[in-house]
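Chemist: Starting off with a structure, shown below.
Please treat every number below as a calculation from the coordinates, not as lab data. Computed from a prediction, not measured in an experiment: that's the story for all the values here. Please note: Cβ atoms are built from the backbone with ideal geometry, for glycine as well, and neighbour counts cover all protein chains shown.
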Amino acid sequence: MKRCLLLILAMCQLTGCGKSVDVDAEKIALLRIHMADIKAHLEGDVPALMETIGREFIYVGDGKVSVQSRAEIEEFFTGYLQGATYERYEDLDVPHAEVSADATMGWIVSRTAVTRVEPDGSTRSFTYAGIMTYEKRGGKWRKVANVSTFER
């Protein structure tokens with residue numbers, strides 16, 4: 001019996017049993033990241049977009065799954081945002097944020113309208129709907145995966 005209690009105490013120390021987590025505060029933190037990402041797109045701010053990207057990122061879209069390194073994501077955004085501007089980049093619905101009970105995983109489901117002016121002056125409009133998933137690493141939220149759909 002004593003050995004079982006010691007084992008349970010040890011497991012609690014390892015897993016954080018008894019620590020209270022303010023899940024609502026964590027949801028707000030994720031929504032702030034979402035809003036900062038919109039602002040970074042509007043301003044073409046690649047370093048701001050990279051602040052919450054993890055070492056590796058999984059992207060699901062167009063019937064494909066790809067795993068990208070942080071460097072590949074940065075290279076993509078540098079090229080994608082260079083010379084482009086946005087006439088519109090806004091949520092059509094209130095983003096839905098959720099966080100696991102232990103606040104180690106979180107996700108945001110959002111639907112966003114985008115009107116993008118390409119470097120050549122052409123305009124592209126679309127609606128994005130997707131889910132961005134986050135993992136808490138070193139006390140900070142990091143994007144780890146995204147599933148995207150686009151309506152043109």
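Chemist: So how much slack lies between V94 and D62, counting 0.36 nm per residue of separation and subtracting their Cα-Cα distance, in nm? Display every interim value, and only then the final one.
Modeler: On the way: separation 32, 0.36 × 32 = 11.52 nm, distance 2.46 nm.
This chain segment gains 9.1 nm when fully extended.
Chemist: While we're here: Would you kindly derive the ³J(HN,Hα) couplings of the range 46-57 from the backbone phi angles with the Karplus curve 6.51 cos²θ - 1.76 cosθ + 1.60 (θ = phi - 60°), listing them in order in whole Hz, with x for Gly and Pro?
Modeler: Each residue's phi maps through the Karplus curve to give 5, x, 5, 5, 7, 3, 10, 7, x, 5, 9, 9 Hz.
Chemist: Is the range 20-67 rounded, prolate or oblate when judged by the Cα gyration tensor, a ≥ b ≥ c being the square roots of its eigenvalues, rounded requiring a/c under 1.5 and prolate requiring a/b larger than b/c?
Modeler: Working: a/c = 2.13, a/b = 1.27, b/c = 1.68.
Oblate, since a/c reaches 1.5 and b/c is not below a/b.
Chemist: Determine the dipole magnitude for the range 59-152: charges of +1 sit on the beta-carbon of Lys and Arg, -1 on that of Asp and Glu, nothing else is charged, the reference point is the Cα centre, and the result goes in debye to the nearest 20. Walk me through the intermediate numbers first.
Modeler: Numbers: 12 positive and 14 negative charges, 48 e Å.
The dipole magnitude comes to about 240 debye.
Chemist: By how many degrees, between 0 and 90 and to the nearest 10, does the Cα long axis of helix 70-81 differ from the longest principal axis of the chain?
Modeler: The two axes meet at around 30 degrees.
Chemist: Among 89-95, 53-59, how do they line up by average Cβ neighbours within 10 Å per residue, starting with the highest?
Modeler: Details: 89-95: 13.1, 53-59: 15.9.
My ranking of the peptides, most packed first, is 53-59, 89-95.
Chemist: Take the chain, drop everything but the C-alpha atoms, weight them equally and run the Debye formula without solvent; then report log10 I(q)/I(0) at 0.12, 0.19 Å⁻¹ to two decimals.
Modeler: Values, matching the q order: -0.58, -1.25.
Chemist: Give the angle, between 0 and 90 degrees and rounded to the nearest 10, that separates the Cα long axis of helix 23-43 from the longest principal axis of the Cα atoms of the chain.
Modeler: It is inclined by approximately 20 degrees.
Chemist: Which entries in the list K27/K143; K27/K136; K64/K136 go over 18 Å, if you measure between the two C-alpha atoms of each?
Modeler: Values: K27/K143 14 Å; K27/K136 12 Å; K64/K136 26 Å.
As for pairs spanning more than 18 Å Cα to Cα, those are K64/K136.
Chemist: Net charge near R55: determine it from the other residues with C-beta under 10 Å of the C-beta of R55, scoring Lys and Arg +1 and Asp and Glu -1. Before the final figure, lay out each step's value.
Modeler: On the way: positive: R70, R137, R142; negative: E56.
Combined, the nearby Lys, Arg, Asp and Glu give +2.
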